[in-house]
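Have a look at the structure below before the remarks.
The values are calculated or read from the model by the stated rules, or taken from the named source; none is laboratory data. Small disclaimer: the values here were computed from a predicted structure and weren't measured. Every residue, glycine among them, receives a Cβ derived from its backbone with ideal geometry; neighbour counts consider all protein chains shown.
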Amino acid sequence: MASKLTRSQRRILKVREWIIETLLFLAATSSVLVTLGIVFVLLYESFVFFEHVSIVDFLTDRFWTPLFADPRYGIMPLVTGTLLSTVVALAVAGPLGLTAALYLSEFANPRVREVIKPALELLAGVPTIVYGFFALLFVTPLLQKIIPGLPGFNILSAGIVIGIMIIPYVASLSEDAMRAVPQGLRDASYGLGATKLETAVRVVLPAATSGVAAAFVLGISRAVGETMIVAIAAGTQPNLTFDPREPAATITAFIVQVALGDLPHGSIPYQSIFAAGLVLFLMTLAFNIVGFWLRARYREAY
Amino acid sequence: MTATDFEAPRGPRPRAARRTGARYRREALFKVVGLLATLVGLVALAALLFDLAVHGLPRLSWDFFFNFPSRFAARAGILSAWVGSLLVILVTATVAVPLGVAAAIYLEEYARRNFFTNIIEINVSNLAGVPSIIYGLLALGLFVYTFGTGRSIFTAGLTLALLILPIVIVATREAIRAVPQALREGALALGATKWQVTRDHVLPAALPGVLTGVIIGVSRALGETAPLITIGALTFIAFLPTPPISTEPPFISFQWLWDSFTVLPIQAFNWVSRPGVDFHANAAAAGLVLLVLTLGLNAGAIYLRYRLRKKLQW
């Protein structure tokens, strides 16, 4: 039996609604606070670092040796190490992921796709520490049989395994973009006598470009920030090189190395991990912004 | 229309026919190449599982689960590691689930389309792309040094909670968005308030989707190593945290929140970075335990999502 609420009951309800909405709003705002926290901590702690090290040296010096008696703080070797492992990863995940996406979207029958796609996504769920183990104790020995003289720590092995890890990011998002291409475009292409492959490569792929590019950018952003695989398999020796067969430290591997040691908080080498982290954050931020922009474009397309 | 329109295409016909054959052969070839490229990832996954099993299975025994780490590889175990993982995840889930679900409810059900809402949305998708080690630096600078929460289970759980917050928010938003508008309108028409509609109708309907996101988030947190190393989690812990229940009043203790800890991935990292086949076998065994847990959780989430998609017919 429905009864009319008294005025005070209605007031209580109204106040409760207001309180709840405020609480929910605060929860949503907390995510912004996390970002502000990250930016604040990185800037603040880097500021301490840059009081002692000039930004020019930081950007132009070719050596990164904060733990030596004569410390030098040139971020370049760490950046090239990071980019090199990313390039190797992309050389693996790019062709494989894109081909897999084309196959799954245009050729595989739906039953096969229903099974393979989730199975591929499992690759993204493997803990990175396990990938690191795999890179150091399975992939590296395997590569050493092919490339004689390959050191136990090398960028190549770490990069290949990162590549395997990001296959699902590249493949899954690319496939989504390809499937969003309207069927009419394909039908028109078939009508002109094109084969399925020609349609896939010359019609579907170009139409899905921005979505595919966004998928690549997400993969790159993951590879740049990957930590455990490189820390385990690529070594922690900063090395300004473009040869993936050599060992080289990435930004992330350096942070791990310092965190594992027992440097006091406030010392310059210790503060350097925040400056390195700031560079890493800016790199991934740039990739994320590009990816966001590409996704927004691709959403508008059809 | 002139007669020339009906002329045969240039070039002798047989060649064109051959070209058509080649075009279809290329397509047949791509079907094979495409399938192979798709399978490379799965083969790698199988190789990884096989490699871990070969090295790690011989080490898996009752003792391995109930021994503390040790200088002697054969006597070392993962007791402190799995207890640590369990407690850290408990803190993570306690913080991330309510916060993430509440944020998602606000964004889907309450938020007006304005500048600030846009900021929150862009921010969430950007946070999902921030490398995990950056969260470690945030925790180090803010929790460990500014708030003084130490290198404790509490700090670790909170750090991982922030890390998986975007995952929970995105999954919950998708689940809420899939709830049909008619359900809300029906409840509103009967006089329910907005919160009553959300609590009694929208959330229950979205629950399986929310659960999927939570499972994926928890499995991610379980496997994370980098941020916890960054806050300075110790690798050699040969004791358990303070028990939460005691025989003396007040019977329940939260002292364990402030204890130092280790977790499964950090223990595995410690073993893998030591030279020697024996410790590598330990690392493989710990990795195997971790992999079975995370892949099991992931598979569960994927199955749940699959069932959901099939059943979802409003």
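Conditions (1) under 20 Å from A:Ile251 (Cα atoms); (2) surrounded by fewer than 22 Cβ atoms within 10 Å (Cβ to Cβ), marked per residue:
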site	(1), (2)
A:Leu36	no, yes
A:Val39	yes, yes
A:Gly81	yes, no
A:Ser85	yes, no
A:Ala93	no, no
A:Ala108	no, yes
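Of all residues in the stretch A:150-161, those being closer than 24 Å to B:Phe279 by Cα, part of a helix (DSSP H, G or I) and more than 9 Å from chain B (Cβ to nearest Cβ) number 3. Put simply, of A:Ala276, A:Ala248 the only residue that is surrounded by 22 or more Cβ atoms within 10 Å (Cβ to Cβ) and either at positive phi or within 13 Å of another protein chain (Cβ to nearest Cβ) (or both) is A:Ala276.
A quick yes/no check of all residues on (1) in a loop (DSSP other than H, G, I, E, B); (2) of a type in the set (Phe, Trp, Tyr); (3) buried (at least 17 other Cβ atoms within 10 Å of the Cβ); (4) facing chain B (nearest Cβ under 7 Å):
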| position | (1), (2), (3), (4) |
| --- | --- |
| A:Leu104 | no, no, yes, yes |
| A:Arg113 | no, no, yes, no |
| A:Ile116 | no, no, yes, yes |
| A:Leu122 | no, no, yes, yes |
| A:Val130 | no, no, yes, yes |
| A:Phe138 | no, yes, yes, yes |
| A:Leu142 | no, no, no, no |
| A:Pro148 | yes, no, no, no |
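Restricting attention to the stretch B:110-139, the residues that are within 8 Å of chain A (Cβ to nearest Cβ), surrounded by 18 or more Cβ atoms within 10 Å (Cβ to Cβ) and assigned to a helix (DSSP H, G or I) add up to 12. Of the residues making up the stretch B:301-314, those that are of a type outside the set (Phe, Trp, Tyr) and either at pLDDT 80 or above or not in a helix (DSSP H, G or I) (or both) number 5.
Hey, does the stretch A:225-242 have a residue that's hydrophobic (A, V, I, L, M, F, W, C) and under 30 Å from B:Arg23 (Cα atoms)? The answer is no, given that none of the residues of the stretch A:225-242 is hydrophobic (A, V, I, L, M, F, W, C) and under 30 Å from B:Arg23 (Cα atoms).
Would you please name the residue that is farthest from the chain's Cα centre (by Cα), looking only at residues in the stretch B:42-82 that are assigned to a helix (DSSP H, G or I) and β-branched (Val, Ile, Thr)?
The selected residue is B:Val54.
Within the stretch A:267-280, not a single residue is over 22 Å from B:Ile229 (Cα atoms) and at pLDDT below 85. If you check B:Ala22, B:Ala8, B:Ala46, B:Ala28 for being among the small types (Gly, Ala, Ser) and either at pLDDT below 80 or in contact with a strand residue (DSSP E or B) (Cβ under 8 Å, 6 or more places away or on another chain) (or both), only one passes: B:Ala8.
Listed by position, the helices (runs of 4 or more DSSP H) inside the stretch B:182-300 whose residues that are more than 13 Å from chain A (Cβ to nearest Cβ) and either crowded, with 18+ Cβ neighbours inside 10 Å or touching a helix residue (DSSP H, G or I) at 6+ places or on another chain (Cβ under 8 Å) (or both) number at least 2 are B:203-223. A:Val224 passes every criterion in (1) surrounded by fewer than 18 Cβ atoms within 10 Å (Cβ to Cβ); (2) within 14 Å of the chain's Cα centre (by Cα) apart from (1). A single member of B:Arg173, B:Arg151, B:Arg177 is more than 11 Å from every other protein chain (Cβ to nearest Cβ), among the charged types (D, E, K, R) and in contact (Cβ under 8 Å) with a residue 40 or more places away in the chain, and it is B:Arg177. Being on the phi < 0 side of the Ramachandran plot, free of Cβ contacts under 8 Å to residues at least 40 places away in the same chain and more than 10 Å from chain B (Cβ to nearest Cβ) is a description that does not apply to A:Pro238.
Only one of the numbered conditions (1) of a type in the set (A, V, I, L, M); (2) crowded, with 23+ Cβ neighbours inside 10 Å; (3) facing another protein chain (nearest Cβ under 9 Å) is not met by A:Ala177, and that is (3). Checked against (1) surrounded by 19 or more Cβ atoms within 10 Å (Cβ to Cβ); (2) touching a Ser or Thr at 6+ places or on another chain (Cβ under 6 Å); (3) more than 14 Å from chain A (Cβ to nearest Cβ), B:Ala81 meets all criteria but (3). Could you tell me whether A:Pro264 is more than 8 Å from every other protein chain (Cβ to nearest Cβ), closer than 30 Å to A:Tyr44 by Cβ, in a loop (DSSP other than H, G, I, E, B) and more than 13 Å from the chain's Cα centre (by Cα)? Criteria met by A:Pro264. Taken over the stretch A:180-221, the residue count meeting the criterion of being away from chain B (no Cβ under 11 Å), surrounded by fewer than 17 Cβ atoms within 10 Å (Cβ to Cβ) and not β-branched (Val, Ile, Thr) is 12.
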